[in-house]
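Participant: Encoded as C-alpha cells, here's the structure I'll be asking about.
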Amino acid sequence: MAEHSATRTGRLMAELRAGAVFRAVAPMEAVPGWPLPARRRRAGAEPVVALRFPLHTHRAVREGGALLFPPFATLTADWATGRVVEYTDLRYSRPWPVPGGASEPVGFFPHEAVRTTLGAYTADRERLLAGYDDLADALAAERAFGGAPDFAELLRRLLEPGLEPYYRALAPRFLDRFLGPGPSAAG
C-alpha cells in the first residue's frame with residue numbers, strides 16, 4: 001500500500017521497502033507482509049526485539065485486486081534502530097514444501113474479510129500497525145501486552161488467508177498465541 005502511516009511499524013515497512021537492501025534482493029512487485037515479532041535475550045543484556053517481515057509478490061488482475069504468491073524471503077529489522085539485521089532467502093532455506101512451485105498463487109487480495117471501503121481498510125490497517133507498535137514496545141520493556149484481544153481480531157481479519165500457513169511456518173508461537181491453531185504450510 002502506498003499510503004503513509006502514523007505508526008512506527010508502518011514507517012518501518014515503508015523505509016524497508018524504499019531501502020537499498022530491499023531494492024537489491026526483492027523484485028519490483030514484492031511487498032513486505034505483516035511483521036512477525038521476535039525477542040532474543042543475551043546473557044546480562046537487555047532483550048533485543050526485531051520485526052521479521054515476510055516478503056511476497058503479487059500480480060494485479062484486470063478485474064481488480066491482485067493474486068498473492070508465497071513468501072520468498074524475510075527481512076528482519078531491529079525494533080530499536082530500524083536497521084536490517086537479517087535477510088533470509090526462503091527459496092534456499094525451504095521452511096515448507098512448495099506445492100505446485102512458488103509460481104502458483106496462494107490467495108487473492110482483497111480477500112473476503114477486507115472487501116470494504118478503502119477508508120475502512122486503511123483505518124483497520126493503521127489500528128493493527130499501532131498494535132504492532134504496542135506489542136514491540138511491550139516485548140522490549142518485558143511487560144505484558146495489553147492490546148491482545150483487539151490486536152488478535154484485527155490480525156485475524158487482515159492477514160490474507162492464503163498466506164497464513166506460511167506465516168505459521170515462520171512464527172508458529174506468535175500465530176498460535178493470537179490466532180489459535182490453524183493451517184500449516186507443511187503440505
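Only the coordinates and a few stated rules stand behind these numbers; no lab work does. What you see is a predicted model; the values in this text were computed from it and never measured. Glycine also receives a Cβ, built like all others from the backbone with ideal geometry; neighbour counts cover every protein chain displayed.
Participant: FRET efficiency for residue 120 and residue 91, Cβ-Cβ distance as r, R0 = 35 Å, nearest 0.05? It would help to have the intermediate numbers written out before the result.
Facilitator: On the way: r = 35 Å, r/R0 = 1.01.
Computed FRET efficiency for residue 120 and residue 91 comes out at 0.50.
Participant: Note down the net charge around residue 130, summing +1 for each Lys or Arg and -1 for each Asp or Glu among other residues with Cβ under 13 Å from its Cβ.
Facilitator: Net charge in that neighbourhood comes out at -2.
Participant: A further question follows. Please list, in order along the stretch 106-116, the HN-Hα scalar couplings obtained from phi with the Karplus expression 6.51 cos²θ - 1.76 cosθ + 1.60 (θ = phi - 60°), rounded to whole Hz, x for Gly and Pro.
Facilitator: Each residue's phi maps through the Karplus curve to give 10, x, 9, 10, x, 7, 3, 5, 10, 7, 8 Hz.
Participant: Using r as the Cβ-Cβ distance of residue 144 and residue 62, and R0 as 45 Å, what FRET efficiency do you calculate, to the nearest 0.05? Numbers along the way, then the final one.
Facilitator: Details: r = 47 Å, r/R0 = 1.06.
With a Förster radius of 45 Å, E is 0.40.
Participant: If we count every other residue with Cβ under 12 angstrom of residue 59's Cβ, Lys/Arg +1 and Asp/Glu -1, where does the sum land?
Facilitator: -1
Participant: Taking amide H atoms as placed 1.01 Å from N in the peptide plane, list the residues 5 or more away in sequence, or in a different chain, whose amide H sits under 5 Å from that of residue 33.
Facilitator: HN-HN under 5 Å from residue 33: 55, 56.
Participant: Counting other beta carbons within 10 Å of each Cβ, put 117, 9, 57, 122 in order, fewest first.
Facilitator: Least crowded to most crowded, the residues run 117, 122, 57, 9.
Participant: Once you have all Cα-Cα distances for the stretch 96-159, histogram them in 5 Å bins from zero and send the whole-percent values.
Facilitator: Reading upward from the zero bin: 3, 15, 19, 16, 14, 12, 14, 6, 1.
Participant: Here is a further query. Among 116, 158, 25, which residue has its Cα furthest toward the positive end of the charge dipole of the stretch 8-179, with +1 on Lys/Arg Cβ and -1 on Asp/Glu Cβ?
Facilitator: Result: 25.
Participant: Treat every Asp and Glu Cβ in the chain as -1 and every Lys and Arg Cβ as +1, leave all other atoms uncharged, and give the resulting dipole magnitude about the Cα centre to the nearest 20 debye.
Facilitator: On the way: 23 positive and 21 negative charges, 84 e Å.
The dipole of the chain has a size of about 400 debye.
Participant: Report, in deg cm²/dmol and to the nearest 500, the calculated mean residue ellipticity at 222 nm for the chain, where each DSSP H run with n ≥ 4 adds -39500 (n - 2.57) and the sum is divided by the residue count. Don't jump to the answer; show the numbers that get you there.
Facilitator: Numbers: 7 runs with 71 residues, N = 187.
When only DSSP H runs of four or more count, the value is -11000 deg cm²/dmol.
Participant: Further question: What do you get for GluC sites (Glu not before Pro) in the stretch 19-103 restricted to DSSP loop and a cutoff of at most 15 other Cβ within 10 Å of the site's Cβ? Intermediate results must be reported in sequence, preceding the final value.
Facilitator: Numbers: sites: 29, 63, 86; in loops: 29, 63.
Counting only loop positions with at most 15 other Cβ atoms within 10 Å, the GluC sites (Glu not before Pro) in the stretch 19-103 are 29, 63.
Participant: On to the next question. Among 38, 61, 183, pick out the residue whose Cα is farthest towards the positive end of the charge dipole of the chain, where Lys and Arg carry +1 and Asp and Glu carry -1 on C-beta, about the Cα centre.
Facilitator: The residue sitting farthest along the positive end of the dipole is 38.
Participant: Then there is this: Any chance you could list the semi-axes, whole Å, largest first, of the equivalent ellipsoid that the Cα gyration tensor gives for the stretch 8-179, using √(5λ)?
Facilitator: 25, 20, 15
Participant: Compute the relative contact order of the stretch 8-179 as a whole-number percentage, counting only Cα pairs closer than 8 Å that sit 6 or more residues apart in sequence.
Facilitator: It rounds to 21 percent for the stretch 8-179.
Participant: Would you mind counting up the charge near residue 181? Only other residues with Cβ under 15 Å from its Cβ, with Lys and Arg at +1 and Asp and Glu at -1.
Facilitator: Net charge around residue 181: +2.
Participant: What list do you get for 8, 157, 177 if you sort them by fewest beta carbons within 10 Å?
Facilitator: Fewest-to-most Cβ neighbours within 10 Å comes out as 177, 157, 8.
Participant: With θ set to phi - 60°, apply the Karplus curve 6.51 cos²θ - 1.76 cosθ + 1.60 along the stretch 52-59 and write out the HN-Hα couplings as whole Hz, x wherever there is a Gly or Pro.
Facilitator: Coupling constants for the stretch 52-59: 9, 9, x, 9, 9, 9, 9, 9 Hz.
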